Amino acid sequence: MRKTFLLLFIGCLFTACSSDDDFNLKADEVIKELTLSVKSGNVYTDGVDFEFDILKGNGEYTVSVSNEEDARVAIDGSKVKINLLKNTAVVTVSDKKKQSASVVINSTAKSLIPTDYSLFISGGDVFTMKDVAFGDGGYTIGKIKGTSADVIVAENDHIKVTGLKPGNSYYKIKDKRGSTAPLEICVISSYDLTDNNIEITAVNDQRVSVVLKRGDGDWKLVGDPLSPVIQKVTLLPKGDIDRKYDVLQIETSKDDAKGIAAIQLKDKSGNSAFITVKVQ
């Protein structure tokens, strides 16, 4: 009888130990909701720097930004620090339990106002852009693509552009903080239509202007001028910004399409004109 009692007692002891282990294991696996000191969604600031705290989570925190050109981000303990490079940045905090929370930071800081720059210039011409005023100055130039122009930073943060040959070139202006603004240089080529036909040789991603000096004006396009080598065709009427003649503006395809396109025009008196564009 005494032996039976001892076995029952040991069995109960093992059962109690097993229950405590299960309880501790489940406690370790509890996933805490990741909570920030700002609500997920849009937040607003008037500066270039922004901070918020991680109030609760599961540790081993990381922070990321949806586009590295939008902001620089870092974690100092439980504090998230953001240095904005654009006026909007999406910042996401994650922890070791794969919990995450995102915040969209919007800034009204003057230095972060989105700015695009574009310039039309003729081959051989040199122009200095003195109106570049985004960000905090201290500009550098990064080339994206194109060989139609040369761009450098001159004195006083002015941007000096030299037209080399017809075509478009794309650059990125960066200020001393790392904010960027796109710069597009269009080196134009211009032709005069004085007969009923003209043949033009062009390259991809080029803008061509044809001054329609022939006929009686009020030219109209006949049919659909678009083709694999032509991206856009625009008729600019005379009179706008003191134009003496109608102007046909042709934009060739930005990709590597090669070939020939034919464009037909007719003026108010019924005179026809034919423009052949060879993209090579």
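Projected label points at Lys172 and Lys97, each 7 Å from Cα along the beta carbon direction, are separated by 3.8 nanometres.
Once both labels are positioned 7 Å from their Cα atoms along Cα-to-Cβ, the gap between Glu60 and Lys268 label points is 7.7 nm.
Multiplying the residue separation of Val43 and Asn83 by 0.36 nm and removing their Cα-Cα distance gives an extension gain of 12.9 nm. The calculated pair-distance distribution of region 111-164 uses every alpha carbon pair, bins of 10 angstrom beginning at 0, and gives 22, 56, 21, 1 percent.
Bridge orientation summary for region 166-280: considering DSSP beta bridges with both residues in this region, about 75 percent are antiparallel.
Normalised radius of gyration (Cα atoms, divided by 2.2 N^0.38 Å) for the chain: 1.75.
Here the chain carries DSSP beta bridges of which approximately 75% are antiparallel, counting only pairs with both residues inside. How high is the FRET efficiency from Asn106 to Asp242, r the C-beta distance, R0 41 Å, rounded to 0.05? It comes to 0.45. Under Stokes-Einstein, with the Kirkwood radius over Cα pairs as Rh, the value for region 196-280 at 37 °C and 0.692 mPa s is 252 µm²/s. Taking label points 7 Å from Cα along the Cα-to-Cβ direction, Lys258 and Thr147 give a separation of 1.4 nm.
For the listed residue pairs Lys174/Lys232; Lys165/Lys238; Lys143/Lys244; Lys172/Lys232; Lys81/Lys174; Lys110/Lys232, the alpha carbons are over 29 angstrom apart in Lys174/Lys232; Lys143/Lys244; Lys110/Lys232. Solvent-accessible area of Ile105, all protein chains in place: 0 Å² (probe radius 1.4 Å, heavy atoms, ligands and nucleic acids excluded). For Val90 and Glu29, a Förster radius of 30 Å and the Cβ-Cβ distance give a FRET efficiency of 0.50, rounded to the nearest 0.05. One chain, two ends: Ala154 and Ile113. Fully extended at 0.36 nm per residue, the span grows by 12.4 nm beyond their Cα-Cα distance. Only protein atoms count toward the accessible area here, which uses a 1.4 Å probe; on region 59-179, the carbon and sulfur part of that area reaches 48 percent. Segment Glu199..Glu68, full-extension length gain: 42.5 nm, with 0.36 nm per residue of separation and the alpha-carbon distance subtracted. When every alpha-carbon pair in region 77-169 is counted, what percent end up more than 15 Å apart? The calculated P(r) of region 77-169 puts 71 percent of pairs beyond 15 Å.
The values are calculated or read from the model by the stated rules, or taken from the named source; none is laboratory data. Given the structure is predicted, the values throughout are model-derived calculations rather than measurements. All Cβ positions, even for glycine, are placed from backbone atoms using ideal geometry, and neighbour counts span all protein chains on display. SASA here: full protein model, heavy atoms, side chains in, ligands and nucleic acids out. Shrake-Rupley method; radii C 1.70, N 1.55, O 1.52, S 1.80 Å.
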